[in-house]
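What follows is one structure encoded as structure tokens, with my remarks underneath.
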Amino acid sequence: MTKLVSLTIDGKQVTVPEGTLFVDAAKRVGIDIPVFCYHPKMEPVGMCRMCLVDVGRPMIDRATGQPVMDENGAPKIQFGAKLDTACTTPVSEGMVVIGASDKVKAARKDIVEFILTSHPLDCPVCDKGGECPLQNLTMAYGPGETRFLYDDKLHLAKQVPLGELIYLDRERCIQCGRCVRFQDEIVDDPVIGFFNRGRSLEIVTHSDPGFDSVFSGNTTDICPVGALTTADFRFGARPWELKSTSSICSQCPVGCNITFNVRREAASGGKTVIKRVMPRQNETVNEIWICDKGRFGYHYTESDDRLTTPLIRKNGELTPASWDEALGLVASRFSAAGEGLLTLGSGRLSNEDLFNLRQLTEGVKGKAALYTHMAGGDLTAQVGVAPGTDFGEMGKGTAILVAASDLYEEAPIWFLRIKQAAERGATLIVANARPTKLEAYASHVIRYRYGAEAETIAAMTVDRGPTTVAGHPSSVADASKAFAEAENAVILFGSDGLGLEGSQALSAACANLLVATRHVGRANNGLVGVWSRANDQGAWDMGLRPLTVDRRPELQSAKAIYVVAADPFGDDPGLLATFNLQPATFLVVQDLFLTETARRADVVLPAQAFTEREGAYTSGERRVQRFYPAAPARPDTWPDFAITAQIAQKMGSILEGRVPAAVFTQIAATVAAYAGLSYRKLAETNDQWPSVGSGVRRKGLYFSGTAYENKQGVGIHLPLSPTPLPPVNMQSFHLQGEGLLAVPVTCLYDRGQTVYPSALLHQRIGEVWVALHPADAERLGVVANSRVSLTLGGAEFDATARLDESVPQGVALIPRSMGIPINGPEAVEIRAGERVVL
Amino acid sequence: MTEHLLLRHRDIPNIDQLDIYQQHGGFDAFRKAVTTMQPDAVIDLVKASGLRGRGGAGFPTGMKWAFTDKKNWPHYVVCNADESEPGTFKDREIMERNPFQFLEGVMITAYAVQANLAYVYLRGEFWQIASQLDRQIAELEAAGILGDKLFGADYSLRLRTHLGAGAYICGEETAMLESIEGKLGQPRLRPPFPPSFGLFGKPTVVNNVETLTNVPLIVARGAEWYRSFGTDKSPGVKVFSLSGCINRPGNYELPLGATFRELIVGRGLGVPFGHKIKAIMPAGASSSLIVATDEALNTPMDYESVPKVGAQLGSASVIVIDDSVDIRWLLDKTLHFFKHESCGKCTPCREGTYWMSHLAERIASDHAAQAEVDLLYSVASQIKGKCLCALGEFSIEAVLSGIERFKEDFVS
């Protein structure tokens, strides 16, 4: 137990844990101490000097060691000669702090005046204007007019790109160092720093490309002035013109709470458009951070290429049609197909969409399937992390095993949270076939061959391991001992180098390890899938299962296929040949874009983006969270659950298609884990620390960033399925063949349909590439950064060769969704392209 | 005084040669400490000598060493040879001319706190001294005076020199530590102080060159002997750097407690060209201006007496200002220096020195109204007590004292 101490702040009694800083102690009783450089998530530095307070401590008699009392019997308080910074002074018993005296107010005025001497005061054209702490603190404490001669003002560059995503206005910067410290301390991407000194002190980037961090956008939130702005939002709108809507990021399974800021504007032809994505506080999910994919990847929802009308194939051409005609045709063909109906949905859909899909399909005894390359969602429902789990609490006593996942790329906020848990003392075990960024924080690193994922984790269960690669700190046996002995243990499994079969084996091995070491059924224990889509867990919970090898006959015998929010042909053009689909098979595609699959469809139905409707996603931790409609829907589009309900209606069965809340009620009634949940419950919030403001309507002057306060729901963590887990049969899985093996890996920024429309990210996405070990490259005659051609699954592709010593020999890494279809490990042939003679 | 204790090269030619230094008892003290004394006994001896830090703050040296956290290892010793205070040039002479006594002081200190690695941090402009010290360190290693298992005892020590890149702020001890760590030279928050959290986060003793140069003699000749120099509370000798309007500028080694008059008139032979002494800056640019009255000139130069005439002894770089100097010009030069050297970490110093420098420039060029003088005074006052480190706090000393004590110079 931490010792509690009592002190008086401006006459208010406060009792807080020993070691608490004044600035936070004061905030706990509602007293705002103004800050610029202090941030509650970072170590204090005491640079800006804004938080000066008058600190008195009880006088102690040196001879007796007892407090000296005054005539009234109260301890005499001795105040320091100088004011102290509230952000660097920890509380102690009996302290008296004065933050409201004239002396303190004068000191704050002095500091604001100093800051303003070199500030451009361009608030009328500044993006931060309206939600700017410098503005607020100037109003609260600053002098009404300046004594500084305007001619003496230092003028500096106003549009300095730190990278293509983040711009620096050097005049506005007050050198608080929050951005630098965020990159150093919080995310450990130390790519920006201070350069020069005095009034020439400036923020510079050390990386190429500039500001090379997937967390860079967060620095613009915590910047207390308008010095750092995003390329996306700068000059875009004034904060007070923005409406805000709570949502959930749909880019990965973390389920970051976000807020969409929208504005109806002339610049967009009078349309209401999304101006920016901001983090929304949820301390158990994403704290007050989001990654740059979540922040900048939303542009696809506003793409001009979106489908806006149903299409029906007539005379071989997809032709616009009415909803009535399209739905009628679909319904009749689905009815005719009966048990020959195969529905393929993906984790991009909400729980309501997926629930209705399954209802419709099973109504005609068809088969519903989940489009994914990962397995194990049934296992996470049984041995997943129990309610109460919080990565933010994990530290000493907790073991975290990250298996086959490059978390920095697959789920950046989990990378951040697990890195921090490791820094707090958690035992981090990273098992992967190649080094990943997370290894820097690991106490145990297990390196296996691609293909040996499940085998390696299984070895941990029986406490025997293959020998480790020289130079790595521990053997599998050490790691498994640490894992087994930890009080709490969590496993996150990803899909680095894995296809569906490999994932099945790996997830089973992980589940078995947790059961064998009794790390199940409790908070901060269990299995988490690092899924590739936001709601894959929800899809499993709604009863959809992947098309594993044994289910291929279902695909081959399908008379009608209903593909929703998935692009199997785009991902694998050879699919038709592989599965020998009948040309007569009736193909319906429901999506946002005319995908490769949609081009082959008989009917295409235009759906709404998640920004235009409401729904609920279930995160990888199995937290059900609501998102709300942020922008008006495209005319003549419908949300997926409603389209499905209308098809069902035309087929003669009744499905709920009015509002998602009603569908969710049905989910709560049918899906055991969701019992008792409702939209109202999902909208409940709780008290969170540190306190953040909410945009323009920020309360108080204590500033932890422009992240939004959580007012519309922190979500509900699902209970585990009570069914005891039967020992999972681990199918043996071995890679076949010889020669170079291509394995799929995930990149945060890819060419997927929900990323690529953000032109802003194109520089980060880059060209399609294949990564090789330099030794393999030499053998193949491939030089670094040259074009190569490769043969994969019978098809030919071009790519740029990246040479990387961290790639295991004999392996070629191929990024998913970058233009080369790859579902799992398979043989590849790589040939050097023609040399360009310069 | 009969002999120099610190500037011994003035008495003994070629003491910068190792054999000459050894002929005069060089490294006997270090050998004695390592082979016959417990580390704590060395600390106690230095405590008993009353030696105080010569870098400016005058903190008792032995007490600082005793604060070194013994639960946290390794320990480091860093010698502050940044010597950047305008008007200070004593460490340079010591290192150039009497280097082995200085290095022996570093080595004894390292032994006292059981550090196996000590750094000498020199300002970038001292690169010749650094390469000279490197050669001398190599000589010591070759002679078996530095290295592993010294004198058969279980103690090893290595010395390293480290050059700064030319920043005044790196004379501030925590900024210096940051600089050695390869970071931007900006001061850290204190507390924690270096003896508990110093170089690379480990307990570190930071002392000035002159301070450490005293140590070999204290170990060799005893605390009582040392206390026979100087005053009761400021024992020992001090090298005073005398500059400015003076006939014989230079370093003068005097016991602490010698008066300004003894230094300025007795040694420096007064101001040239028949001018009168107007003001004294006893601690370089970081100093308040003392009005050069008879009382001031008769004031003993020690840590207790100088504050009585409204200044600090500091690094004892005595800058003499005669009546040909306009205090407005002096403030302009001083503030230009502080503006140039402010690290920019904390607001009052970064913005305040910039603002003051601009005001002082206009005042000095006679283009300012009285209101600007008042504004300069006001800006300086509002910096006071709000800075992160002493640089900012010192930047206003000359301003406040100059405007208060030399009003006539500011009447235009």
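The table that follows gives values for the structure above.
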| item | result |
| --- | --- |
| Segment B:8-226: relative contact order as a whole-number percent, Cα under 8 Å and 6+ apart | 29 |
| Theoretical gain in end-to-end length, A:R62 to A:D208 [0.36 nm per residue, Cα-Cα removed] | 46.7 nm |
| Ranking of A:H773, B:H162, B:H358 by count of other Cβ atoms within 10 Å, fewest first | B:H162, A:H773, B:H358 |
| For chain B, built as a Gaussian network whose Cα springs stay under 10 Å, the top-fluctuating residue of B:L51, B:L335, B:L146 | B:L146 |
| Inter-chain shielding of A:41-49 (mean C-beta neighbours from other protein chains, 10 Å cut-off) | 4 |
| Percentage of interatomic Cα-Cα distances in segment B:240-338 larger than 21 Å | 23 |
| Long-range HN-HN contacts of A:T343 with modeled amide H, under 5 Å | A:K367, A:A368, A:A369, A:Y562 |
| Estimated FRET transfer efficiency (A:K103, B:M63; beta-carbon r; R0 25 Å; 0.05) | 0.15 |
| Sparsely packed trypsin sites (Lys or Arg not before Pro) within segment A:612-692, loop by DSSP, other Cβ within 10 Å at most 14 | A:R658 |
| Computed lengthening from A:E325 to A:K243, 0.36 nm per intervening residue step minus Cα-Cα distance | 25.8 nm |
| A:K396-A:L149 FRET efficiency (beta carbon distance; Förster radius 51 Å; 0.05 resolution) | 0.35 |
| Check: segment B:8-226 dipole with +1 on Lys, Arg Cβ and -1 on Asp, Glu Cβ, in debye | 460 |
| Share antiparallel - DSSP beta bridges, segment A:741-836, percent rounded to 5 | 60 |
| Bins of 5 Å from zero: percent of alpha-carbon pairs in segment A:377-530 | 2, 11, 22, 26, 24, 13, 3, 0 |
| Helix A:102-117 axis, angle to chain A major axis (alpha carbon atoms, nearest 10°) | 60 |
| Spin-label zone in segment B:134-167 - amide nitrogen under 18 Å from a point set 7 Å from the Cα of B:A41 along the C-beta vector | B:150-156 |
| Hz values of 3J(HN,Hα) by residue in segment A:330-336 - Karplus curve (6.51, -1.76, 1.60), Gly and Pro given as x | 4, 4, 5, 5, 5, 4, 5 |
| Percent of beta bridges antiparallel (DSSP, chain B, rounded to nearest 5) | 40 |
| Tilt relative to chain A, helix A:500-516 - C-alpha long axis, 0 to 90 degrees, to 10 | 50 |
| Spin-label model distance (nm) - B:R158 vs A:K82, 7 Å beyond Cα toward Cβ | 3.7 |
| Simple label model, 7 Å out from Cα along Cβ direction - A:A832 to B:A369, nm | 7.9 |
| Along each principal axis, Cα extent of segment A:506-598, largest first, Å | 51, 29, 21 |
| Size descriptor, Kirkwood hydrodynamic radius, that averages inverse alpha-carbon separations across chain B, Å | 21.9 |
| Relative contact order %, segment A:4-100, counting alpha carbon pairs below 8 Å whose residues are six or more apart | 40 |
| Residue order, fewest to most beta carbons within 10 Å, for A:Y674, A:Y756 | A:Y756, A:Y674 |
| Principal axes of the protein assembly as shown: Cα extent on each, largest first, Å | 117, 77, 70 |
| Proxy reagent accessibility, fewest Cβ within 10 Å first, across A:M818, A:M651 | A:M651, A:M818 |
| Amide N proximity, segment B:219-260 versus B:N298 label position 7 Å along Cα-to-Cβ, cut-off under 17 Å | B:257-260 |
| Test item: Cα-centred dipole of the protein assembly as shown, Lys/Arg +1 and Asp/Glu -1 on Cβ, debye | 1700 |
| Residue (of B:V219, B:V237, B:G270) at the positive-pole extreme of segment B:207-361, dipole from beta-carbon charges | B:V219 |
| Scaled radius of gyration (Cα, divided by 2.2 N^0.38 Å) that segment A:773-838 gives | 1.07 |
| Loop chymotrypsin sites (Phe, Trp or Tyr not before Pro), segment A:212-268 (other Cβ atoms within 10 Å of the site Cβ: 14 or fewer; DSSP) | A:F235 |
| Inverse mean reciprocal Cα-Cα distance (Kirkwood Rh) of segment A:4-100, Å | 13.9 |
| For chain A, share of DSSP beta bridges that run antiparallel, in % to the nearest 5 | 55 |
| Net length gained if the chain between A:T15 and A:V783 were fully extended (0.36 nm per residue, minus Cα distance) | 270.0 nm |
| Nearest 10 degrees, 0 to 90: helix A:476-485 Cα axis against chain A principal axis | 60 |
| Spatial separation of Cα centroids for segment B:132-160 and segment A:364-436, in angstrom | 53 |
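Read-outs: derived from the displayed coordinates by stated rules, not from any lab. Please read these numbers as outputs of a predicted model, since none were measured by experiment. Here the Cβ is made from the backbone with ideal geometry for all residues, glycine too, and neighbour counts use every protein chain on show.
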